Each structure stands twice: as structure tokens, then as C-alpha cells.
Amino acid sequence: MTEPLITAHHLTLAAGCLTILNDVSLAIHPGEIVTLIGPNGSGKTTLLKALLGLVRVKGDITRRPGLKVGYVPQQFTPDPSLPMTVHRFLDLFAGHQAGWAALKRVGIADAHDRQLSALSGGEIARVLLARAVAGKPDLLVLDEPLAGVDVAGEAALYHLIAELRDELNCGILLVSHDLHVVMGKSDRVICLNHHICCEGDAHDVRRDPAFIELFGARGELALYPHHHDHAHSLAGETLHDH
Amino acid sequence: MIIDDFLWRAGLGAGLLAAACGPIGCFILWRRMAYVGESVAHMGLLGAAIGLLMGVNALVGTAALAIAAALIMTRASDRTIPAGTFVGIIGHMGLALGFIVLSLMDTVRTDLLGYLFGDVLALSNQDLIAIAAVGIVVLCATAVIWKPLLRSAAGGPIAAAEGRTSALAQTGFLILTAVLVAFGLKVVGALLIVALLIIPPAAARPLAKTPEAMALWAALLGAISAPLGLAASLAVDAPAGPCIVLAAGGLFALSSVYGLIAKR
């Protein structure tokens, strides 16, 4: 197997008498999509922040030397006091051409001249994804990236994320509540509730007693085979391809 | 018409300082750090008092304590008290203690108001040269650290997570703020210096579509506030520092009205 992009050994974080992370170990390899699921307050975002170096925890985190990370946070509210267009925002991080190409790739090139603070939640989600991939990252970290995106757009965006993985050959670490859409695209699912309850491919995890205990009927529902009879493009028009 | 030398010095000194405050002030606005600037200025008064007490000059004391306060306060993170409150506590302690120390010193007692609200008409030629030099250095330094600072301001946690923040730029920003506060003490005083850091950028916001345009407008509006304020101060025989701040406030009101009209 190739050298992992990032490896975490025995991460532990306690706040007072509360254990937020308990002996969590994981590794992410190039080209794989790892999805982190777990109930609210189970430590998903904290684990992500620890891996990104935003939160200090006990344990070891090893990054492949020169690892380039692209990050899409769970919440991002552009400050209206800062005048900044979408294109300038990408330019600032990835350069003019890469920024432009990424906007087109994510299907939000129309918004390039608009002010960031004037965008809707769904538009922001796409701009953030474009910004993250514009820098051609080795590891893409997405913390519930689709808040504010409608259901049809969601499926299209997850499809896009899987395509981007193939194009960039990057590893993707994804946190999501949207179990039913996510799991089909994931190579590996990690179920977190302060510690790792279970992990494996989507089908194995579904049968795991720890998963069923955590998600119960919701878990069953989440993995109910979900067949669309049509798909939506990112712009929202219907694509009839079957 | 003869314009006295001290007026020239006051207009140039205050204008240059306010212009240098503009771009740095934009970051204070974007990063919502007005309260940090306020507390740094309050600590600056204590610095001036200590400087005078130790027989060095007030400016050195102000700059030293303001820089120390800026570096310490932004690193303070206590979860039980909001960061802004903590910074406010430290700043007000500095203000209170500084005022007490100054008022105990007989020689400066008469100048107390000058420390609080500035004494721009008393700028000497050396003061003016120092302010001009500092203004130019601050503007150049701001240009050098502009891009990393802008990345942090625009990206927030994203820039930090991707390792795209520069500790040097962050520290530089704080030091530049503290230096402006120290030199502003003479011009508009410890209580009003933050006004020169936040009002011109706020007035510049409706006029700008890019961060760079906003910084330039902020510098320009700051520079204009100085002669406007001085003229007003002469006309009604009012203290110069507060008049300069009011002039900046007037420009803010005008640009806000413009912003409202332009939006329609």
C-alpha cells in the first residue's frame, strides 16, 4: 500500500471530566474517500481539527512531508466589512488561473464577480469547495461541506467530490450527517462516538452491532437502497441519462 | 493669510498618522479587533506614565507597553471569560493605573488632558519628523505583510488549517498597531486613538469593492480628517484632537449615506 497522507496514533482529548476523543487512530491514503460519521457531539469536528493542527491533543499525528491540505469548514460566514469578490478570494489562495479553473469545475463560474458576503449558503459551499480544490491538495478535508445545499444539489455535489478525487488522486476525509448519499461514494466509513466504534466499507459497517446501536433505525434508513430515476446537474437542470 | 508653523505641523503630523492608521485599521475592522486596539491604547497611557516616572521619554514607555500588551492580550485564551472581556479588564486596569500615576506626578498634572485627548498643536519639529518616519515605515511594512494578513482575514480558520498563515505577519500587525497607538497618543490621546484606526476604514467600506481600494480610501479619508478637524477646531476654538475625530466621523456619515443611495 502507498504511504499514507496522514496518520494519527492514539489521539486523546479530555476537557474537564469529559472525554472528547478516546484513543483514536486512523490513516488516510491517497485516492480514498474516508467518511466520518457519528452523532452530534461525538467528537467528529474535534478530530478533524486535531488532524489539521487547529486543536492540540495527546497522541501522534504524522503527515507525509510536504502534504498539501484543502479544507472546507463546517461554518463560514464571510465578513461583510471585507470587500472581496469570489474570484479574488480564490486568487488569494490559489492564483488567478487555478482559481478560475476551479470555479468552472465546480460549476459556479457565474458568481466569480460577486461579493462573497452576498452569496447564499449553497453558493458559499460551492465556492469553498472550489477554493479547496484550486490548490490541487493531496488531502481534502470536508467538514459537513454541504450545509445549505438543497437535496438535489447535494447528490450532484457528492458525485463531483468523487470525480475530483479521481482527477486529483487526493485523499478525502469527509464528515457528514447525510448518511444515505455519502456512503455510496465512500471507500471506508469510520463511525465515531468519542472512540472509533467500528470502521470498514459501508456494507460492513452497516451490519456492525456498534453502528446499529448508535444509529438504530436511522442507520437502516440511511442505507436503504436509494435509486434516483434522474440526476440533477449542479445548476439544477434535470439530466435524463437512464 | 499667515498660517502659523504649529498649524502646519499639526495638520501634517495628524494627517500622516491618520493615513498610516488607515490600512492597518482595515484589518482591525475585518478581524473585529477594535476592542484590542482600545485596550492597547489604554495600556499605552500606563506606558507613558511609567516612561515619565523612570525618566525616559513618554513615547518609549508607551510604545514598549503597548507592544507588550498587544502581544499578550491576543494570546490570552481563557474559556470561562470571553476574550474581549479579558482584554477589556486588562486595558481598563492600565488606564486607571496610568491615570493615577500621572496625576501623582506634579510636573505633568497639567498635561493630563493632553494624554487623554491629545495635544496636536504642541507637536515640535522633531515630533513631526518622527511621526512622518513612523508613518512611512508603517505604510511600507503594511504593504509587505499585506497578502498573508489578507489571507487570514478572508479565510479565518481555513488559512490556519492549511498552514497558510504567517506568524511573522500576525506579530508584525500587532506591533504596527501598537506603534501607531504610541505615536497617536500625542495627536489624539489614549482615549481617541482607536477612532483613527476604525473610523476611516469604516468610512472607506461603502466606497470600495476590493480590499486594496478600501485600504487606500481609509488612508485618504484619514489624511483628509486632519485638516478638516483642525479647521473646525480653529473656527470654534475647540480642542484639536477631538475635532479631528469628529471630522472623521462626519466623513463616515457622508460615506454611509452614499452607500445607502448607491445600493438602491
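No lab work stands behind these numbers, since they all come straight from the coordinates. Because the structure is a prediction, the values reported are computed rather than measured. So basically every Cβ, Gly included, is an ideal-geometry build from the backbone, and we count neighbours across all protein chains shown.
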Going from the fewest other Cβ atoms within 10 Å to the most, one would list A:9, A:203 as A:203, A:9
Go through the range B:1-69 and name the trypsin sites (Lys or Arg not before Pro) that are in a DSSP coil and have 16 or fewer other Cβ atoms within 10 Å of their Cβ.
B:32
Spelling it out for residue B:190: with amide H atoms placed in the peptide plane at 1.01 Å from N, the residues 5 or more places away or on another chain with amide H under 5 Å from its amide H are B:116, B:117, B:118
Positive minus negative residues near residue B:6 (Lys, Arg vs Asp, Glu; Cβ under 13 Å)
-3
Count of lysine pairs, the protein assembly as shown, Cα-Cα under 17 Å, sep. 8 or more residues or interchain, comes to 7
At q = 0.11, 0.23 Å⁻¹, what base-10 log of I(q)/I(0) does the Debye formula yield for the range B:1-132 when every alpha carbon is treated as an equal point scatterer in vacuo?
-0.46, -1.38
Most exposed first, judged by fewest Cβ atoms within 10 angstrom, B:263, B:186 run B:263, B:186
How much of the pair distance distribution for the protein assembly as shown lies past 34 Å, counting alpha-carbon pairs only, in percent?
47
Residue order, fewest to most beta carbons within 10 Å, for A:150, A:187
A:150, A:187
Linear extension gain, residue A:213 paired with residue A:18, 0.36 nm per residue minus alpha-carbon span:
68.1 nm
What are the residues whose amide H is under 5 Å from the amide H of residue A:192, where those residues sit 5 or more places off or on another chain and H is modelled from the backbone?
A:37, A:38, A:197
The ³J(HN,Hα) series, computed from each phi in the range A:82-88 with the Karplus coefficients 6.51, -1.76 and 1.60 at θ = phi - 60°, rounded to the nearest Hz and given as x for glycine or proline, is 9, x, 7, 7, 4, 5, 4
Taking the simple approach of a point 7 Å from Cα along Cα-to-Cβ for both residue A:195 and residue B:262, what is their distance in nm?
5.9
For the range B:199-253, shape from the Cα gyration tensor axes a ≥ b ≥ c, cut at a/c of 1.5 then a/b versus b/c, turns out prolate
Expected vector for the range B:204-218, Karplus 3J(HN,Hα) from phi with 6.51, -1.76, 1.60 and θ = phi - 60°, integer Hz, x for Gly and Pro, equals 6, 3, x, 8, 10, 10, 10, x, 5, 4, 5, 5, 5, 4, 4
Between the range A:21-49 and the range B:172-249, what is the C-alpha centre distance in whole Å?
48
Residue by residue through the range B:177-194, the couplings from Karplus 6.51 cos²θ - 1.76 cosθ + 1.60 with θ = phi - 60°, in Hz, x for Gly and Pro, are 4, 5, 5, 4, 4, 4, 6, x, 4, 6, 7, 10, x, 5, 7, 10, 4, 4
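Checking the a/c ratio against 1.5 first, then a/b against b/c, what shape does the Cα gyration tensor give for the range A:9-82?
oblate
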